[in-house]
Amino acid sequence: MTSLGPVRVRIAPSPTGDPHVGTAYMSLFNLAFVRKAGGQFILRIEDTDRARFRADSEQQVYDTLRWLGLRWDEGPDVGGPLGPYRQSERLDTYAPYAERLIREGHAYYCWCSPERLTEMREEQQKHKRPTGYDRLCYGRTIQERAALPGFQETPVVRMLIPDDVPLSFDDLIRGEVHAPRPDDQVILKADGFPTYHLAVVVDDHLMKVTHVVRGEEWISSTPKHLLLYRWIGAEPPKFAHMPLLRNVDKSKISKRKNPAARLTWFKEQGYLPEALVNFLALLAYPPAKGSDGGDLEVFGFDDFSRDFEWHKVNPVGPIFDLKKLEWLNGVYIRSLEEGELAHRLLPYLRDAGVLGDNPSLGELARLRRVAALVQTRVTTLAQATPLIAPFYVSDQGLHIAHEARATLDADSPKALDAAIDVLDAIDATGTGLLGSESDWHSSRIEADLRAALVDGMGLKAKAAFGPLRTAISGAKVSPPLFESMEILGKHATIFRLRRLRESLH
Ligand code: GLU
């Protein structure tokens, strides 16, 4: 058996739909800690809630975490010494624990029907009494209980919360934490499935988890978990309850209300995984200090992990500020080498139909050059698609957008005519892969056009070059004009200028 590390942590997502951004956030902090301390990161799938289960969700968890570069050491798909790592494959594990707790007087059967429990709760609320199970079934046999109202044949199993339930515990982020007294929690449901509380404790125990890093919404469950550890005779792990991510209005981020709660959304929008990782780290962790003493907000996983310490995690619910992510993403996009940027852009261009599944070498070579032009103009990869598309449509097929055409005025035909003449006079022979002999390059194109249209004809730059931009890109916004012309080549450039010019008669 592979040796287990000093630290073992886990995430335990429930496959109930598109993975939540919180799963990545929690994975990141678990990983930063375990990579520094040494040990294993476990991915366990908590799929015992059959009503909310979604079959494709587990794969999406794998895909999105891998996309982010957050790798686990043990999990359903990669195996490991203490599996299986999917709770639905461990169902036989839990019932014996529940039975043992019943035998030892820590848990009891409850035959109350859901209707009775609802009535009981309503009654308690009406009289402003504390809500919680009233222990009607405790100490009764099935026969005794069956004689009372609100009985159902198949029981659940409840914890018998004792007076000395531990209500405070030490948290790695928050120090001493106090939690309210829990109710007699159900640990085994009528369908024989464990609830989260039993399953999580049994699994964390059997998988030798040393540190439980999870969302702060579980603080109130921790007393129950501590009791379960006590009853099964196991040392509890250490706990770190991460602050929940919040919307700008401070509400909890939910997939229903905020598209950015879905991890797949970030990929669709063209955020770079390294920017998202950096952003998620900054949500709850202070920036590093640069050599000049200033804040270093841009950092990679390794830098984050190297200095990771729990006490630095800010326990106050961080606001999920997408403007900051957008800024970071722009920084990361600008730092990519152009071939790499082109490579990252490919899937977006394919999805948008700008490029086919198997682009030619020529198309790829052009993409590197175009990528360099758009690099400083976008903050997400998806934003680059409309800027790049004009470089891949046929000259006849270029669509001139209405708002681009609307910028043309009475000077535009003159500007186009003059530009055609000027460009026609530039020698473009030798253009090609080794086009060094050619005069067709952006600085020459710019110099000649300026000399003729601005200096010669007295046009303002906007009146001179706006129509040229419209002609070659079909849009109001495009990558730099002269560089775009260089990449398109003389033939295509002049063709596009003529095409617009002819449409203006
Ligand atoms: N299945 C729980 C969740 O998705 C796991 C909580 C925990 O980490 O203990 O939130």
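The values are calculated or read from the model by the stated rules, or taken from the named source; none is laboratory data. Please read these numbers as outputs of a predicted model, since none were measured by experiment. All Cβ positions, even for glycine, are placed from backbone atoms using ideal geometry, and neighbour counts span all protein chains on display.
Pairs needed: first member in segment 228-242, among the polar types (S, T, N, Q); second member anywhere, part of a loop (DSSP other than H, G, I, E, B); C-beta distance under 8 Å; at least 6 residues apart or different chains.
none
Say we look at segment 1-22 and pick out the residues that are in contact with a helix residue (DSSP H, G or I) (Cβ under 8 Å, 6 or more places away or on another chain) and among the aliphatic types (A, V, I, L, M); which of these is nearest to PHE41 (Cα to Cα)?
Taking the candidates together, the pick is VAL9.
Pairs please, first residue from segment 326-355 and at negative phi, second anywhere and loosely packed, with under 14 Cβ neighbours inside 10 Å, Cβ atoms under 7 Å, 6+ apart in sequence or on different chains.
ARG334/THR376; ARG350/ASP357
Residue-wise test of (1) within 16 Å of the ligand (Cβ to nearest atom); (2) aromatic (Phe, Trp, Tyr); (3) touching a residue at least 24 places away in the same chain (Cβ under 8 Å).
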| residue | (1), (2), (3) |
| --- | --- |
| PHE151 | no, yes, yes |
| VAL157 | no, no, yes |
| GLU176 | no, no, no |
| LEU198 | yes, no, yes |
| VAL209 | yes, no, yes |
| VAL212 | yes, no, yes |
| GLU217 | yes, no, yes |
| LYS224 | yes, no, yes |
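Which one of these is in contact (Cβ under 8 Å) with a residue 12 or more places away in the chain, within 22 Å of GLY300 (Cα to Cα) and either in a helix (DSSP H, G or I) or not β-branched (Val, Ile, Thr) (or both): ARG54, ARG66, ARG50, ARG35?
None of the others qualify; the one that does is ARG35.
Would you confirm whether any residue within segment 242-254 is surrounded by fewer than 17 Cβ atoms within 10 Å (Cβ to Cβ), closer than 30 Å to PRO155 by Cα, more than 12 Å from the ligand (Cβ to nearest atom) and basic (Lys, Arg)?
No: zero hits.
If you go through segment 356-375 one residue at a time, how many are touching a residue at least 12 places away in the same chain (Cβ under 8 Å), within 13 Å of LEU346 (Cβ to Cβ) and either touching a Lys or Arg at 6+ places or on another chain (Cβ under 9 Å) or hydroxyl-bearing (Ser, Thr, Tyr) (or both)?
Number of matching residues: 2.
Return the pairs, sorted by first residue and then second, in which the second residue is among the hydroxyl-bearing types (Ser, Thr, Tyr) and at pLDDT below 95, the first residue lies in segment 84-110 and is surrounded by 13 or more Cβ atoms within 10 Å (Cβ to Cβ), the beta carbons are less than 7 Å apart, and the residues are 6+ apart or on different chains.
Short answer, once both residue conditions are applied: GLN87/THR48; SER88/THR48.
Would you pick out the residues in segment 351-377 that are under 18 Å from TYR271 (Cβ atoms), surrounded by 14 or more Cβ atoms within 10 Å (Cβ to Cβ) and out of contact with any Leu (no Cβ under 7 Å at 6 or more places or on another chain)?
Within segment 351-377, just ALA352 meets the criteria.
Given (1) in contact with a strand residue (DSSP E or B) (Cβ under 9 Å, 6 or more places away or on another chain); (2) in contact (Cβ under 8 Å) with a residue 40 or more places away in the chain; (3) over 20 Å from TRP218 (Cα atoms); (4) surrounded by fewer than 23 Cβ atoms within 10 Å (Cβ to Cβ), where does HIS20 come up short, assuming only one miss?
Only one criterion is unmet by HIS20, namely (3).
Looking only at segment 226-241, count how many residues are outside any helix (DSSP H, G or I) and away from the ligand (no atom under 14 Å from the Cβ).
Residues meeting the conditions: 4.
Please go through segment 1-24 and give me each residue that is within 14 Å of the ligand (Cβ to nearest atom) and more than 20 Å from GLN59 (Cβ to Cβ), ordered by number.
Scanning segment 1-24 gives ARG8, VAL9.
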